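Visitor: Handing you this structure, nothing more for now.
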Amino acid sequence: MAVEEPDVRPAGDGPLRCRPCPGGPLLVRGAAQVQGDDGTWHDTTRPVTAVCRCGASALRPWCDGTHKVLSQRGVNPIE
């Protein structure tokens with residue numbers, strides 16, 4: 001069910017840091033834009049952005065917490 005991690009464009013000259021949460025989203029610090037499944041670039045203004053890795057979010061490319069529901073049902077969304 002897991003999908004390929006999206007492309008991310010950094011904001012300015014600062015560092016771009018990505019940290020995958022076990023069974024959950026990719027936390028991205030320092031991003032200006034995140035690319036969606038359809039190739040569209042989405043702006044982000046948050047200092048840390050949660051990007052979906054399970055492919056089940058209704059708000060892709062953003063995480064909406066669906067991975068938690070799947071995990072409770074015994075499905076590992078990041079396989």
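Visitor: Out of (i) 1.17; (ii) 1.50; (iii) 1.07, which label holds the value of Cα Rg over 2.2 N^0.38 Å that was computed here?
Guide: Read-out taken from this structure: (iii).
Visitor: Give the peptides 28-40, 7-19 in descending order of average Cβ contacts within 10 Å, highest first.
Guide: For the peptides 28-40, 7-19, the packing ranking is 28-40, 7-19.
Visitor: Still on this model: From the phi of every residue in the range 60-70, what ³J(HN,Hα) in whole Hz does the Karplus formula 6.51 cos²θ - 1.76 cosθ + 1.60 yield, where θ is phi - 60° and glycine or proline is x?
Guide: So the Karplus estimates, Gly and Pro as x, are 3, x, 7, 7, 10, x, 4, 4, 5, 5, 4 Hz.
Visitor: For 67, 42, what's the fewest-to-most ordering of other Cβ within 10 Å of each Cβ?
Guide: Least crowded to most crowded, the residues run 42, 67.
FYI, it's all coordinate maths here, none of it is from the lab. Computed from a predicted model, the values in this text were never measured in an experiment. Positions of Cβ are backbone-derived with ideal geometry, glycine not excepted, and every protein chain shown enters the neighbour counts.
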